[in-house]
Amino acid sequence: MYVFQVGGRHSVYPEGIVFDPADAEAVDATSVSLVDMRARLIEAERVIPSVSEADAFTVKATFTCQVTDAATVARQGVDDAAVPLRAYLSGEDQLARMSAAHRIEEVNAVREQVTHRMNAYTTIMPPRIAGMTVEYVGIEVLTPDDLRTWEQEVRDERRMREMVRGQREFETDDVHRIAELLSQGSHYVDAFGVAREDINIHAIATRIHQESADDKAYSRQVAAHDKQRAHERETAERDMRQALLLAVLGQARESGYVDHQLLQQLLDLGKRKAPSNSQAGALPSAGTTQRPAEDGSRGDHRGFIKDEDDLLD
């Protein structure tokens, strides 16, 4: 609606009539105002302190406003209804007292207290603007930007951890499933791979044939190795027996006598391979032994060898 200021008064141009610049009110007016008559949602903000000087809460109240007297609004010069509403919101000093006892992280507790306080405040002292109807809708406490950023980072980190934990659980399940699959043998694994078309059956047949050939070759190699080792052990044992026999015979030759029973055992031990003729010539005869006489000479005694020729008997 148009409101003309003519002299000291404000007159509203009749509603529903096309504006005529030649109208007397329009010609005589010193100023004209265009007033919005529709209902509007108007927001008013206020900053209230927290327990820390570094942080503060921001509250935003919402009102519905509609002009009922265009001339009064034009005369009062209300260009923006948010201005008087901000003044109205700032008039409630209990909001600052309540918020000053809380940290910035306790924004939810502040929201609850501010809501209760504003409900009581607007009931006892409702907002008024001349020429308008004003109704309180509600109030909210905005989350500070730095707190919102921090909460978002915490949320993202928590989600990332949950995602990693879920991935590890999935991996663990896969490991258990694969381990159970492998425990049933290679043929079951091959069959599972063929069923899922991950393995070609021709490749499996080729591999099985190659493994069979490798097993046979390895068995032949092991058998040949065992045979060689057995031959080496047999040769070493024979050589050891011969060396032992020769050592004992040499010792007997130096001492001049050999015990019949001991000689027979040695001969039985080394019977697999007889000593050479030169070594046999040094062998004493079984059944006799020779020992030195008390005066140092070698005498004939029953059960002892007289001389080396007896070894040939």
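Quick check, is residue 87 without any contact (Cβ under 8 Å) to a residue 60 or more places away in the chain and touching an Asp or Glu at 6+ places or on another chain (Cβ under 8 Å)? Before the answer, list the steps.
Working: without any contact (Cβ under 8 Å) to a residue 60 or more places away in the chain: yes; touching an Asp or Glu at 6+ places or on another chain (Cβ under 8 Å): no.
No.
Only residues that are acidic (Asp, Glu) and under 17 Å from residue 51 (Cβ atoms) were counted in the range 87-121, giving 3. Checking the range 100-120 against the condition returns no match, with no residue being in a helix (DSSP H, G or I), under 25 Å from residue 39 (Cβ atoms), more than 57 Å from the chain's Cα centre (by Cα) and not polar (S, T, N, Q).
Can residue 73 be described as aliphatic (A, V, I, L, M), under 51 Å from the mean Cα position of the chain (by Cα) and assigned by TED's automatic domain parsing to the domain that holds residue 45? So residue 73 does not fit the description; no.
Conditions (1) closer than 30 Å to residue 38 by Cβ; (2) among the charged types (D, E, K, R); (3) in a loop (DSSP other than H, G, I, E, B), marked per residue:
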position	(1), (2), (3)
133	yes, no, no
140	yes, yes, no
157	no, yes, no
164	no, no, no
170	no, no, no
189	no, no, no
193	no, no, no
216	no, yes, no
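Out of all the residues in the range 142-155, which are of a type in the set (Ser, Thr, Tyr) and in a helix (DSSP H, G or I)?
Narrowing the range 142-155 to residues of a type in the set (Ser, Thr, Tyr): 143, 149.
149, the sole residue that qualifies.
In the set 66, 76, only one residue is modelled with pLDDT of 90 or more and either within 22 Å of residue 120 (Cα to Cα) or of a type outside the set (D, E, K, R) (or both); that residue is 66.
How many residues, within the range 42-63, are touching a residue at least 24 places away in the same chain (Cβ under 8 Å) and either not aliphatic (A, V, I, L, M) or not assigned by TED's automatic domain parsing to the domain that holds residue 93 (or both)? Step through it out loud before you land on a result.
Applying the first criterion (touching a residue at least 24 places away in the same chain (Cβ under 8 Å)) to the range 42-63 yields 42-46, 48-52, 55-63.
If we keep only those that are either not aliphatic (A, V, I, L, M) or not assigned by TED's automatic domain parsing to the domain that holds residue 93 (or both) as well, we get 43, 45-46, 49-50, 52, 55, 57-58, 60, 62-63.
Counting residues in the range 42-63 that are touching a residue at least 24 places away in the same chain (Cβ under 8 Å) and either not aliphatic (A, V, I, L, M) or not assigned by TED's automatic domain parsing to the domain that holds residue 93 (or both) gives 12.
The values are calculated or read from the model by the stated rules, or taken from the named source; none is laboratory data. It should be emphasised that the depicted structure is a prediction, and the values quoted were computed from it without experimental measurement. Backbone-built Cβ (ideal geometry, glycine too); neighbour counts: all protein chains shown.
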